[in-house]
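See structure below.
The values are calculated or read from the model by the stated rules, or taken from the named source; none is laboratory data. Keep in mind that this is a model prediction, so the values were computed, not measured. Virtual Cβ from ideal backbone geometry, glycine too; neighbours counted across all protein chains shown.
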Amino acid sequence: MPPELTAALALCRNLPSPPGIALRIIELAQDPEADITTAADIIAIDMALSARMLRIANSPLYASRRRIENLGQALTMLGLNATVSLALGFTVTQNLTAAGDGQDLRERAWRRSILSALAASLLGQARGLRKAEELMLAGLLQDIGVLALAQAQPDTYLPLLRQATDNDALVALEREHLQCSHADVGAWVAEEWGLPRYLVDSIAHSESPATGDDNFQNCVALSGAVADIWLGTDADAAREHALQQVHDTLGLDSAQFDQVLARIGESLPDISTLFETPLFSPSRVQQLIDHAQELATLRNLREMQDAALARKRADEFEARANRLAEQAHRDALTGVLNRRQLEAVLEQEFLRATRHGWPLSVAFIDLDDFKKINDAHGHLMGDQVLRMFATKLQEQLRNSDTVARFGGEEFIALLPNTTEPVALEVVRRVLASIVNTPMAEVASGPLFVTFSAGVATQGGYERFADVQDLLKAADDVLYRSKNLGRNRVIARSPSTAPA
């Protein structure tokens, strides 16, 4: 970038927010019942405020043992008082009282940022990514360079914004007149502000052709094309253009893409109020600002007293939330995944195997004559056997494999990227080990168990329509294994000999 542009950008610290956001922040400051969730809902749709909160949370003032990567973490770190105080101080008065030169052009940037945020998050969900909040933040901030350029060089940049008919035309004009694009500027600003690396990279590549296997950056880069469906003059042409890019890069078909568009459309009525909020009269605005600033002072005093306690509570809350989330995914008795979490993992692995053409094997395992153990030794001894069996089963498999309790004495072993013959050999090896390993000690001596299992594979002998068909196939083979006399493992393929 030209040195004079860099020097001007270095002075851009407080970028403007939509007037509707400013009014909502003032209302939030006056509400004694306001909470962090309400504040997050407002801030998460404004790129300027989101970037500011992330920047402050990663500053030395709130130095943390870990890097703050998304808005949720940032607001938890700052706490409600600091969040509202910072939001009030961040160009609230400027947004409500300043002249409106270029306001319509900034509004276009705000609209595109919100649409891009929704698109990036929903494209990521459709592609199976698990970073919805980070995707939304990256999509929201990808055009922050537009606001920075409009503030740093309004006389030069606002005419370019007004002249550009669409985003591609804007980028071409920027490169011609500024020797850089707003993506270059946005990435420079993000790096100067100390924002997380993934945001810097996503902004930098937001105007580049989406290539490679980094689907996170691909979703961000494609989100602008999706946003232009609502912003362009020819929505049908914009849809076809965006669909082609999304299909070529992310592999989503037309039906999946239309679902993304429908979910964006559902979110827009609430968000559109930000751009339809009329400004109050100057006297009313000043009353609101005076009241808000008084509340901000009180909040700042309390925040200074509670900063250390807030950080400690945030760390404790995060640790507790992580523990609870892990417990919710586990079977309380055996410690392996529960059935509900199995369904989520199996769905994810099935989609990945189908997309990449990898085999996915499922072993349906049932302990033989388990009821006799409960009848002879009691249910507590039965529970001990189940715990030991689950432990030994996990020990025999890879870290990439998944073990889950399906119910009662039934277990599922999920073996990604494993063909049917290999899966059959693995489960037979597990059986050979289990039959020689005591599961418990009873009065008469060591207690041994056997099991029966059925193996079915997606992408081998046959292909299944969905995960339920795959599970049913493995269950059917288990039933055959039981009928053949138990203590054996057989597979779906007709060429597999029982053992």
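You will find that of ALA183, ALA132, ALA117, the residue that is in contact with a Gly (Cβ under 7 Å, 6 or more places away or on another chain), under 28 Å from ARG67 (Cβ atoms) and at pLDDT 90 or above is ALA183 and no other.
A Cβ distance below 8 Å, combined with a sequence gap of six or more or placement on separate chains, defines the contacts here; from region 253-266, residues that are outside any helix (DSSP H, G or I) reach residues that are exposed (fewer than 15 other Cβ atoms within 10 Å of the Cβ) in the pairs ASP253/HIS247.
Yes or no, residue by residue, for (1) of a type in the set (Asp, Glu); (2) more than 30 Å from the chain's Cα centre (by Cα); (3) outside any helix (DSSP H, G or I); (4) at pLDDT 90 or above:
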site: ARG405; (1), (2), (3), (4): no, no, yes, yes
site: ALA413; (1), (2), (3), (4): no, no, yes, yes
site: ALA423; (1), (2), (3), (4): no, yes, no, yes
site: VAL426; (1), (2), (3), (4): no, yes, no, yes
site: GLY454; (1), (2), (3), (4): no, yes, yes, yes
site: GLN468; (1), (2), (3), (4): no, no, no, yes
site: LYS472; (1), (2), (3), (4): no, yes, no, yes
site: ASP476; (1), (2), (3), (4): yes, yes, no, yes
site: PRO498; (1), (2), (3), (4): no, yes, yes, no
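Please go through region 221-234 and give me each residue that is among the aliphatic types (A, V, I, L, M) and within 14 Å of VAL260 (Cβ to Cβ), ordered by number. Scanning region 221-234 gives LEU222, ALA225, VAL226, ALA227, ILE229. Going by what's in this entry, would LEU158 be described as in contact (Cβ under 8 Å) with a residue 12 or more places away in the chain, in a helix (DSSP H, G or I), of a type in the set (A, V, I, L, M) and farther than 24 Å from ILE42 by Cα? Spelling it out, LEU158 is indeed in contact (Cβ under 8 Å) with a residue 12 or more places away in the chain, in a helix (DSSP H, G or I), of a type in the set (A, V, I, L, M) and farther than 24 Å from ILE42 by Cα. Within region 376-396, the set of residues being among the aliphatic types (A, V, I, L, M) and within 15 Å of GLY407 (Cα to Cα) comprises VAL385, LEU386, ALA390. If you go through region 225-252 and keep only what is among the small types (Gly, Ala, Ser) and either over 30 Å from ARG24 (Cα atoms) or in a helix (DSSP H, G or I) (or both), you end up with ALA225, ALA227, ALA235, ALA237, ALA238, ALA242, GLY251. Selection of region 169-210 for residues being within 19 Å of LEU49 (Cα to Cα) and not in a helix (DSSP H, G or I) yields TRP193, GLY194, LEU195, PRO196. I'd like the full set of residues that are among the aliphatic types (A, V, I, L, M) and surrounded by fewer than 20 Cβ atoms within 10 Å (Cβ to Cβ), limited to region 414-430. VAL422, the sole residue that qualifies. The test for being part of a loop (DSSP other than H, G, I, E, B) and within 18 Å of the chain's Cα centre (by Cα) holds for LEU129.
Pairs are defined by a Cβ separation below 6 Å, a sequence spacing of at least 6 or placement on different chains, a first member in region 232-245 that is more than 18 Å from ALA164 (Cα to Cα), and a second member that is at pLDDT 85 or above and of a type outside the set (A, V, I, L, M); the pairs so defined are LEU243/PHE257.
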